[in-house]
Structure formats: structure tokens, C-alpha cells
Amino acid sequence: MSGDPVNLRVPGPTPVPPSVVDAGARPMVNHRGPEFNALMRDLNAWLPPYFGTDAQVLMLTGSGTAGLEAVVVNMLSPGDEVLAVTVGVFGNRFADIAEAFGVTVHRLPFEWGTAAHPETVRAAVATRTNLRAVLLTHNETSTGVTNDIAALSAAVRAGSVAAEPLILVDGVSSIGALPFEMDAWQVDVAVTGSQKAWMTPPGLALVAVSDRGWHAYNEARLPRYYWDLGKARRDGLKGTTPATPAVGVIFALHEAVRLMNEEGADHIHARHAALGSQCRAGVLSVGMSVFAAPEVASDTVTAAQVPGGVAAPALIAALRRHGVVVGSGQDWLKDSIIRIGHMGYVHADDIDRVTGALSDVLRAGHLEEVG
Ligand SMILES: *Cc1c(COP(=O)(O)O)cnc(C)c1O
């Protein structure tokens, strides 16, 4: 991206490579016709490896939040009890959605900036005989923390006293960038969004469902229509969708995943690990601190604490004048952190530009001028 006038470093939407922009601008086709069927069939084959699954990956027209709502209405029934493990804004959102649909949500919050602790999760699961599901966030974008889904999923099974709860995972800001092993980790539903790790514009939620998840789908009694995953599965296998999809975004996703396949998943994962380390080192080098505990800091987004006496909104405005657009803190972190996205179409020089801009604007006196 270097050379671009604006270095878009919010944790979604993320930059889109030129060939993906072009693909998204192609003329429309019949979404029930052969050109579209061929694209869908490619994506049916290409997407599952990034989820670590043999299951079909469904494409829903909507943002990541739509994917989370689809999980709730397809897996649960009114009055079901779920445990929502939360470490930030997006964990809370998943819990809020379940609550909005009449599910009984038991929240297990952990201190923001830390990850969920498997032993605490095991103990919480062990006290409940009636848990239908556990809601987990893989990568908490509000705090820059990555949870260990393998360990948390194992903890749920270890603590389970009756039927094993479903494991429902928000992987919106991780899948496609970080290793994700849905089948090996025994995850039942995993969700991501096109505008995070996938180098694609917003507009698609990608959802994978395990065999156990499909069994739960058959029993679930919340009303569903537009987000009915069974219809998406049936039509997806035929290379189409139940209603008119975001055709342009699917064109773009097809080109983006083609590029991802060219790079290779292992290389993508290694690149993100390197970008995460680079970004954290850059933040420390300008005298800021990383909000997340070091051992759980995310490789797709870094939350950086602004120095004492500096308001985050002023720092964000100053960075914007340097051509770097970062995200603000959410909720009670609004004034104290900035968030730097490094997922998808991002390379070392993009992060160098962030560090350079931070270093410039944090120089004594400068922020007061512009803030
Ligand atoms: C971005 C994000 C969401 C919400 O996705 P939208 O596409 O904005 O609806 C949910 N969870 C996580 C972890 C996210 O990063």
C-alpha cells in the first residue's frame, strides 16, 4: 500500500488490492446464471481451509454482526441458557444479540486487555447443568487480544456436566489472517466478515457450521427467514444464494481469495505474526504502551495506550494529517487508546509509516498545535 495517499489502518474496513477493486467493479451477472455459479463453486472449495474445516462456508449478505445474529437465530431457542465469555466490546455484542432474541445469557467477563482464562471458563461451565451454548470471541478487536480457542473449547468440554454445549465463535477479525482450526478445536459455528482479514469490501458474513451445529439447527426454534442457514447451505451447494446477494462483493471476494491462495495460508499467517510484532515494537518505540497483555496481544489489531496528558481523539486527528487513519477506542477506552489495524492487505512498510507518523506527532509541542 505504500505510496497510497492514505494509509487506512482502522481494524475494518481494511485496504483492498487494486485487482480486487477492479473485480468489484465488474458489470452485473445473473446470480442464478453460470458465471455466478462458477464463482460460488470456486469459493465453496477455497474458503474452508482458512477456517480449518471440511464444512461448507456459507456466504450471507450482511456485515459481521449479521453473521453473529445468524448464529443466534439458527442455533438457539427462546429460553435457552448460554454462557457468554466476554473480553471486550464484541464479546458483549454477541451476548447482547442472544439476549435480544430471548435467550438467557450468563456473562463471564474478563478484565479488558486480558484473555479469557480456560480454568475459569471450565469452572463456570461446571456450575450449570443446562447450558446450550458457549459464546466465544477469537480476536477481540476492541482491546487487541486473541483468545486461545483450542484451550477454551477443551475447557468447555472438561467442565460440561450434561450434554456438551455448542461452541459458537466470533472469528470476524481473525479468520483469514490467524490460524483457525474449526474442526480440530471442535468449534460448532465460526463467523467472519469480508472487510476484516479478507482484503474485500464490507458486505459479506462468512459462516461455517459443524455437523453438530446442523443438528442444533434442526432443533432450534427461534424465528429465522433471511438468515436461515439451511437455505444458504442448500442454495450454496448449487452455486447460488436464497436471495439476491451482494454480487459485486462476491466478485471482489473471489479475486481476493485467489490472491490469498497464491500467497498461501502459511505465509499469510506468518506475515500477520510478523506485522503484529512489528506494530507492537513500533508502539513501544515511540513511548506508548500496548493495551493487551503481551502474551495474548493480537496479530491483526494493536490497541495502543496514549501517553498521559494526550487525548486519543487529538492524536487520531494529528495522525490523519499525516495520512494515517487509525481507529478510536470503543466504550470506556474512547479517550485512552487508539487501535491500529494490521490484517489483510498490509505489509511492513505500512506499519513503518504508522510508527513514523506516531513519532512525528508525539514530539513535544506538536500535538497541542493540532489537537
Ligand atoms: C468488526 C467485528 C464485528 C462486527 O462486524 P461488522 O462487520 O462491523 O458488523 C464483530 N466481531 C468482531 C470481533 C469484529 O472485529
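The values are calculated or read from the model by the stated rules, or taken from the named source; none is laboratory data. Computed from a prediction, not measured in an experiment: that's the story for all the values here. Cβ sites come from the backbone with ideal geometry, for glycine too, and all protein chains shown count toward neighbours.
Residues that are crowded, with 22+ Cβ neighbours inside 10 Å and not acidic (D, E) within region 74-85 comprise N74, M75, L76, V82, L83, A84, V85, listed in sequence order.
If you check every pair at least six apart or on different chains, which have Cβ atoms under 6 Å apart with a residue in region 299-321 that is within 17 Å of D350 (Cβ to Cβ) and at pLDDT 95 or above first and a residue that is in a loop (DSSP other than H, G, I, E, B) and hydroxyl-bearing (S, T, Y) second? Correct list of pairs: T300/S173; V301/T141. Scanning region 156-175 for residues that are in contact with a Ser or Thr (Cβ under 7 Å, 6 or more places away or on another chain) and within 12 Å of the ligand (Cβ to nearest atom) yields D170, G171, V172, S173, S174, I175.
For the residues A115, A25, A70, the requirement of being modelled with pLDDT of 95 or more, more than 13 Å from the ligand (Cβ to nearest atom), aliphatic (A, V, I, L, M) and buried (at least 21 other Cβ atoms within 10 Å of the Cβ) singles out A115.
Quick check on my filter: what residues within region 65-97 are in a helix (DSSP H, G or I) and touching a Lys or Arg at 6+ places or on another chain (Cβ under 9 Å)?
T65, L68, A70, V73, N74, M75, G91, N92, A95 - these are the residues of region 65-97 that are in a helix (DSSP H, G or I) and touching a Lys or Arg at 6+ places or on another chain (Cβ under 9 Å).
Listed by first and then second residue, the pairs with beta-carbon distance under 7 Å, at least 6 apart or on different chains, first residue in region 42-56 and closer than 15 Å to D211 by Cβ, second in a helix (DSSP H, G or I) and not aliphatic (A, V, I, L, M), are D54/P48; A55/P48; Q56/N44; Q56/R233; Q56/G236. How many residues, within region 86-103, are farther than 12 Å from L68 by Cβ, within 12 Å of the ligand (Cβ to nearest atom) and aliphatic (A, V, I, L, M)? Residues flagged as farther than 12 Å from L68 by Cβ, within 12 Å of the ligand (Cβ to nearest atom) and aliphatic (A, V, I, L, M) within region 86-103 amount to 2.
Entry remark, region 184-212: residues being away from the ligand (no atom under 16 Å from the Cβ) and surrounded by fewer than 24 Cβ atoms within 10 Å (Cβ to Cβ) number 6 in total. The residue that is nearest to I340 (Cα to Cα), among those in region 9-22 that are in contact with a helix residue (DSSP H, G or I) (Cβ under 9 Å, 6 or more places away or on another chain) and surrounded by 15 or more Cβ atoms within 10 Å (Cβ to Cβ), is R9. Across region 51-64, the number of residues qualifying as in contact with a helix residue (DSSP H, G or I) (Cβ under 7 Å, 6 or more places away or on another chain) and outside any strand (DSSP E or B) comes to 3. Counting only strands (runs of 3 or more DSSP E) that fall entirely inside region 127-197 and contain at least 2 residues that are more than 21 Å from I268 (Cβ to Cβ), the qualifying elements are 131-137, 166-170. From the list R122, R128, R132, the lone residue that is charged (D, E, K, R), under 26 Å from P294 (Cα atoms), over 17 Å from the mean Cα position of the chain (by Cα) and at pLDDT 95 or above is R122.
Only one of the numbered conditions (1) touching a residue at least 24 places away in the same chain (Cβ under 8 Å); (2) more than 12 Å from V82 (Cα to Cα); (3) out of contact with any strand residue (DSSP E or B) (no Cβ under 7 Å at 6 or more places or on another chain) is not met by H117, and that is (1).
Out of W198, W185, W227, one residue alone is out of contact with any Gly (no Cβ under 6 Å at 6 or more places or on another chain), aromatic (F, W, Y), closer than 30 Å to S277 by Cα and touching a residue at least 24 places away in the same chain (Cβ under 8 Å). It is W185. Working only within region 340-365, note down all residues that are over 23 Å from the mean Cα position of the chain (by Cα) and in a loop (DSSP other than H, G, I, E, B). Correct list: R363, A364, G365. Going through (1) surrounded by fewer than 24 Cβ atoms within 10 Å (Cβ to Cβ); (2) within 16 Å of the ligand (Cβ to nearest atom); (3) assigned to a helix (DSSP H, G or I) one by one, A124 falls short only on (2).
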